[in-house]
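Report on one structure; see the data block that follows.
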Amino acid sequence: MFVTETHEQVRDMARQFADEVIRPVAIDLDRDERFPGEIFEQMGDLGLFGIGVPEALGGPGFDTLAYALVMEELSRGYASVADQCGLVELISTLLVRHGTPEQQAQWLKPVMSARTKVAYCLTEAEAGSDLSGLRTTADRDGAGWKLNGGKIWIHNAPVADIGFVLARTDRNAGHRGMSIFIVDLNAKGVERGPKEHKMGQRASQVGALNFSDVTLPPEALLGEEGRGFHMMMSVLDKGRVGIGSLAVGIGQAGLEAALDYAQQRKQFNARIADFQGVQWLLADMAKDIEAARLLVQSAAVKIDRGENATKACSMAKCFAGDMAVARTADAVQIFGGSGYIRGFEVERLYRDAKITQIYEGTNQIQRMIIARELVKHGARG
Amino acid sequence: MKILVPVKRVVDFNVKIRVKPDGSGVDLQNVKMSMNPFDEIAVEEALRLKEAGKAEEVVVVSIGPAKAEETLRTALAMGADRAILVETDDAVEPLAVAKILKAVGEAEQPGLILLGKQAIDDDCNQTGQMLAALLGWGQGTFASKVELASDAVTVTREVDGGLQTVSLRLPAVVTTDLRLNEPRYASLPNIMRAKKKPLDRRTPADFGVATAARLRILRTEEPARRMAGVKVGSVAELVDRLRTEAGVL
Ligand SMILES: Cc1cc2nc3c(=O)[nH]c(=O)nc-3n(C[C@H](O)[C@H](O)[C@H](O)COP(=O)(O)OP(=O)(O)OC[C@H]3O[C@@H](n4cnc5c(N)ncnc54)[C@H](O)[C@@H]3O)c2cc1C
């Protein structure tokens, strides 16, 4: 509906790449919990990281809608691969909006090429949905800072080269006392926790980071001191479009697998696709996937038009995440016992879907945001 | 040297083809269209020759409806330098296409014309050969290897008995087979750049070619449905039924 011819070209390319390169190995990556660096480097060469980085800064310069289309297709191949694309999009958006020309020159190219691996570090043991519990601190130390504290459940922590870390620079200023630092994760004083073993998206490497007296040079500060919380939040609209698309991609993969299976599997001398009970599951999957896709795309278009997209992005992320969990459960149901067995795609899809209700703001938090926006701007706002 | 690559917009190879109820042809309503896969191979080969320093410019040309611009943009996104669209809504046949390509070739003066051995919609496998004849150039069809020198091209051809290697004086016409190469993905930056690359719009009349049909399609049918198999009780029964029912022994 919103998609132009150029968008279609981008989508077709991502779809073909996902079909040929990603989907065939998803099952192995899931089983082995392996970081697919070689796929990421190939994606870097094809411009699939940092999709919104302007041409003037060496990126492809596409809009949020193109990003949404790419995320859906990559995720249809394997959600962990898409999640890496989402992570790089967040980081590169931060650099484009808030980085100095020197920081952009130093980091954008290596990050977009996937040769430099990044982490986006907010969450702590006491600071999940509520970041006011943030305890990591950066205290003035000569011209720079000293970083102390710890982060948990950070995507890429076991493998990343640099982290974008939210830390308190003023203990008494609440949300206005937080700043973002670009931290060399191989520096002295940085300690990485072990890789966590997760329910789904198992090729994504997630773990903890601990900082003790890590020396940060002045140029480690991203943007304005004290504006870190707002900067991190400002890219989350786009992040939510990304996770919403990722959820749609998981749902779409589930529908394709289930439709195929239902037309092959025979019981009671008929294809199970001939039974109304199975048909209604398929119909509900298709309609909810399409509804989620349209919500996500309209939120993306709102961002691209410069409108206030906060509510639209939260609605899209929340609806798409809930849809993905419910509809991949239907896909498992259509597969019967096979759907519960490792090695069948839908078993993995169901596990991969669950996290879309949790990260990038839980779906309870999304509802909170939607309600807050409703009260602020009215039922039509 | 300049390489000219003709590309055709056809039904995507993944689409399940439906025949129109009146049998006049294939239903193209709401069907995904793409570049003919053999032409994609031709574009890829031209780009590799350019990257190897053997050619300076890759020009793509398509003869077809306005929508064929998408196909040309895909070729530009792969890396071609500029495009020519010869726009017509007529269903074009190999001879008319070859005549238009001859005129384009005379205007552009390429050292090499690289095109698919056939299009997957009508499987004619005629355009390249007709074009070479009309131009009076040498032809190397069904290429699985192309080596370009300054005044000649060596083409390894996939023929029934195996491989045949021919050497052609330039300019020449070469048609591509499946095993020549594996086409690249268009990168996102190149998709963006392709929007700004030059695309020249022409019509068959500009080249003095009439595209009216010379062929008449009598009927289009779907292939017969595969029959369900039968289980036999013993080898003896199998042999008997192969002999009496199938008549193959
Ligand atoms: C695989 C994975 C990858 C991750 N990657 C990253 C990353 O790269 N970077 C990063 O910084 N973080 C990352 N996270 C952390 C993730 O963002 C948090 O887990 C998430 O924000 C929720 O925080 P929490 O786990 O502390 O849950 P809590 O905030 O403790 O929430 C627990 C429950 O309470 C509910 N709840 C909390 N507050 C309210 C409220 N006000 N009203 C109603 N319900 C409420 C929540 O919705 C949830 O159901 C990742 C997590 C996982 C599992």
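What the table shows:
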read-out: Length gained when the stretch A:H175-A:S132 is fully extended (0.36 nm per residue, less Cα-Cα span); value: 14.8 nm
read-out: Chain B: most fluctuating residue of B:G161, B:G25, B:G138 per GNM, C-alpha cutoff 10 Å; value: B:G161
read-out: Cα principal axis extents for segment A:125-201, largest first, Å; value: 39, 29, 14
read-out: Cα→Cβ-extended label distance, 7 Å offset, between A:E20 and A:Q264, nm; value: 2.4
read-out: Pair B:V15, A:M1: separation of 7 Å Cα→Cβ label points (nm); value: 2.4
read-out: Estimated inter-spin distance, A:E55 and A:R372, nm [label 7 Å along Cα→Cβ]; value: 3.8
read-out: Candidates A:R305, A:R76, A:R293, ranked by Gaussian network fluctuation over chain A, Cα under 10 Å, top entry; value: A:R305
read-out: Three semi-axes of the equivalent ellipsoid, segment B:117-243, Cα gyration tensor, whole Å, largest first; value: 41, 24, 21
read-out: Lys/Arg +1, Asp/Glu -1 at C-beta; segment B:2-246 dipole; positive extreme among B:V239, B:V61, B:M33; value: B:M33
read-out: Compactness index (Cα Rg / 2.2 N^0.38 Å), chain A; value: 1.00
read-out: Local net charge near B:T141, Cβ-Cβ under 15 Å (Lys/Arg +1, Asp/Glu -1); value: -2
read-out: Chain A: relative contact order in percent, alpha carbon pairs under 8 Å with at least 6 residues between; value: 16
read-out: For chain B, Kirkwood radius (reciprocal of mean inverse C-alpha pair distance, Å); value: 19.8
read-out: Residues B:S144 and B:A205, FRET efficiency given R0 of 35 Å [Cβ-Cβ distance, rounded to 0.05]; value: 0.40
read-out: Percent RCO, i.e. relative contact order, over segment B:100-183, from Cα pairs under 8 Å lying at least 6 residues apart; value: 33
read-out: Lysines whose Cα lies under 18 Å from that of B:K196, excluding same-chain neighbours fewer than 8 positions away; value: B:K67
read-out: Unsatisfied cross-links (Cα-Cα over 20 Å) in the set A:K266/A:K287; B:K16/B:K99; A:K317/B:K32; A:K117/A:K188; value: A:K266/A:K287; B:K16/B:K99; A:K317/B:K32
read-out: Shielding of A:55-62 by partner chains, average beta-carbon count, 10 Å; value: 3
read-out: Shielding by partners, peptide A:42-52 (average Cβ within 10 angstrom, other chains); value: 3
read-out: Estimated D of segment A:325-381 in µm² per second, where Rh is the Kirkwood radius over Cα pairs and Stokes-Einstein applies at 10 °C, 1.306 mPa s; value: 120
read-out: Degrees between helix A:5-17 axis and first principal axis of chain A (Cα, 0 to 90, nearest 10); value: 80
read-out: Rel. contact order, % - alpha carbon contacts under 8 angstrom, at least six apart, segment B:44-193; value: 24
read-out: Cβ crowding within 10 Å averaged over residues, with B:166-174, B:102-110 ranked highest first; value: B:166-174, B:102-110
read-out: Residues of type lysines that A:K311 reaches as a straight line, Cα spacing below 19 Å, ignoring anything fewer than 8 places off in the same chain; value: A:K238, A:K302, A:K376
read-out: Per-residue mean of C-beta atoms belonging to partner chains within 10 Å, peptide B:189-195; value: 6
read-out: Within straight-line cross-link reach of B:K54, lysines at Cα separation under 21 Å, skipping those fewer than 8 residues along the same chain; value: B:K2, B:K145
read-out: Formal net charge of residues neighbouring A:R227 (Cβ-Cβ distance under 12 Å; K, R +1; D, E -1); value: -1
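Rule-based calculations on the coordinates, nothing more; no lab input. Note that the coordinates shown come from a computational prediction; the quantities given were computed from them, not determined experimentally. Here Cβ is always computed from backbone atoms with ideal geometry, including for glycine, and neighbour counts include all displayed protein chains.
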